[in-house]
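Visitor: I have a structure here, written as structure tokens, and I will follow up with some questions on it.
The values are calculated or read from the model by the stated rules, or taken from the named source; none is laboratory data. Small disclaimer: the values here were computed from a predicted structure and weren't measured. Here the Cβ positions follow ideal geometry from the backbone for every residue, glycine too, while neighbour counts run over all protein chains shown.
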């Protein structure tokens with residue numbers, strides 16, 4: 001597959017990107033190089049290769065899921081502009 005200036009203009013229009021003629025001319029060979037790399041990757045035989053998320057097989061170290069409020073309610077409420085009865089106080093909103 002090859003990209004020409006008309007294709008780059010069309011893609012720029014679809015993406016709503018303003019590009020000058022010089023930018024378009026510079027982008028054509030770059031996109032063609034990228035597509036060449038993709039074609040090289042497509043030519044690689046991956047038959048029988050398991051998909052990987054990482055090269056090294058690692059197990060996640062999980063921690064116990066313990067519910068904890070941190071016991072710092074008063075410190076958190078000290079940052080509030082208005083706190084009442086241990087809660088954030090906000091203005092009443094009626095529509």
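Visitor: Tell me which residues, restricted to the stretch 39-53, are in a loop (DSSP other than H, G, I, E, B) and either within 26 Å of residue 3 (Cβ to Cβ) or touching a strand residue (DSSP E or B) at 6+ places or on another chain (Cβ under 9 Å) (or both).
Guide: Scanning the stretch 39-53 gives 43, 44, 46.
Visitor: Just to check your reading of the model, which residue among 26, 22, 18 is at negative phi, at pLDDT 90 or above, part of a helix (DSSP H, G or I) and loosely packed, with under 10 Cβ neighbours inside 10 Å?
Guide: Every option except 22 fails the conditions.
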